[in-house]
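The values are calculated or read from the model by the stated rules, or taken from the named source; none is laboratory data. Small disclaimer: the values here were computed from a predicted structure and weren't measured. With ideal geometry, Cβ positions are generated from the backbone for all residues, glycine too; neighbour counts draw on all protein chains shown. When the accessible area is computed, the model is the full protein with side chains, heavy atoms only, and any ligands, DNA or RNA have been set aside. Shrake-Rupley method; radii C 1.70, N 1.55, O 1.52, S 1.80 Å.
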Amino acid sequence: MATEVKVPTLGESVTEASIGELLKNVGDAVAVDEPIVSLETDKVAVEAPSPVAGVITEFKVAVGDTVEVGAVLAVIEEGGAPAAKGEEAGRAAEQREEGKEERAEASAPAASSDASQTLSPAVRRAVLEHGVDPSTIKGTGKDGRLTKEDVIAAAKAKKDGGTIADAVPAQAATPSAPAGERREERVKMTRMRQTIAKRLKGAQDNAALLTTFNDVDMSAVIEARTKYKDLFAKKHDIRLGFMGFFAKAACLALKDVPAVNAYIEGDEIVYHDYVDISVAVSAPNGLVVPVIRDAQDKGFARIEKDIADFGKRAKEGTLTMEDMKGGTFTISNGGVFGSLMSTPIINPPQSAVLGLHRIEDRPVVVDGEIVIRPMMYIALSYDHRLIDGREAVTALKIIKEAIEDPTRMLIDL
């Protein structure tokens, strides 16, 4: 019996996605719940699994197609035997080629075999898992596309002591560019990158953005981490990081200055009696902001575990729409990349974002003497339509004081 594989429900308000990669070929046998198509939505990459065990007889889509929820992706014959490789492989290639031709512009030149392509979610996960540089691997897929098998073969060659080039079939090799030749490439933006671009531009167009700065002496937090990190890790099975301190400090500030935890909707202001902190996390296909829900009620261990889990799943590409739904305030840590100072941009419809930066020893004046202290610049960008300068400065000052004297977080001061 033939069974159709359809685009699953993608999350609230998400009605369509792009085909990122066909994870199987026509004629391949698949198990129940085995992913066969990778889908890219506005926020996350998801995989469409097979509802039955059987053999793929037909793909209804090609890489790059836009599909709506409920659309048919493929047809699977339950319990069928694999079809003849030559016939079915040819049919699969023909389907993918037809899809490519339909989307090509009449004036576009034919793609060369070494054309650069955006990495699909499955390939990105393989690259992260095996620790190889995708730019050094020759793709053997359509139009030079890098496949998961290419990454695995390259990793195996590297492990066996050979070079990555050894893993590439001779026919896949392409001649090197002539010396001195200037080249350029055009790569279609992923759906997620397009959405990020629209949202950030929308924040600039719609909000009255302003940023206030302060600097923080990190001595007390560093001392606390040094003193308790081993006991903390032993008891909670998680490393004590800096983000937990800033998340709890932010909760104090947002409680005292509720406008920073609110947002504008139409001609109304929506206030929250809870703090859902969006944490900016770098993923292979862009910046994502999963949410620590009810951060005001969570302890350091639970917050650190949530953050570690988000980071791990962001790299694996397994974050869900639900993970990123909502959020009343955002914390972005550019310090992990070495940033000294920045003006972070708000995450609509939120009205404020806290930017953290790198810690560095600087001379400061304490009790009339110049001393060296580990200092960090912090920044609060906010929507001036809702948050006055006094409120923004006050909120940032509360965060600064809580970090410099962590006892305040224990006694809610």
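Annotations for the structure displayed:
- Under 27 Å from the Cα of Lys235 - lysines, other chains or at least 8 residues apart: Lys227, Lys248, Lys298, Lys305, Lys312, Lys315
- Accessible area of Ser339 (1.4 Å probe, protein heavy atoms only, ligands and nucleic acids ignored): about 30 Å².
- Rounded accessible area of Lys298 (nearest 10 Å², 1.4 Å probe): 50
- Exposure of Arg358 as accessible area (Å², to 10), given a probe of 1.4 Å and all protein chains: 80
- These residues, His236, His384, His272, go from largest to smallest accessible area, 1.4 Å probe, as His384, His236, His272.
- Inter-centroid distance (Cα atoms) of the range 376-413 relative to the range 304-363, Å: 17
- For the range 311-413, the solvent-accessible area works out to 49 Å² per residue, with a probe of 1.4 Å and every protein chain left in place.
- Sorting Phe232, Phe337, Phe246 by solvent-accessible area of protein heavy atoms yields Phe337, Phe232, Phe246, largest first, with a 1.4 Å probe.
- Sorting Asp273, Asp28 by accessible area puts them as Asp273, Asp28; the probe is 1.4 Å, largest comes first, and only protein heavy atoms count.
- For Asp65, distant residues with modelled amide H under 5 Å away: Ile19
- Neighbourhood charge, 11 Å Cβ-Cβ cut-off, centred on Gly335 and excluding it, Lys, Arg +1 and Asp, Glu -1: 0
- Put simply, the amide H of Ile345, placed in the peptide plane, has no neighbours under 5 Å, leaving out anything fewer than 5 places away on its chain.
- Hits among lysines - C-alpha to C-alpha of Lys6 under 17 Å, sequence gap 8 or more where chains match: Lys24, Lys60
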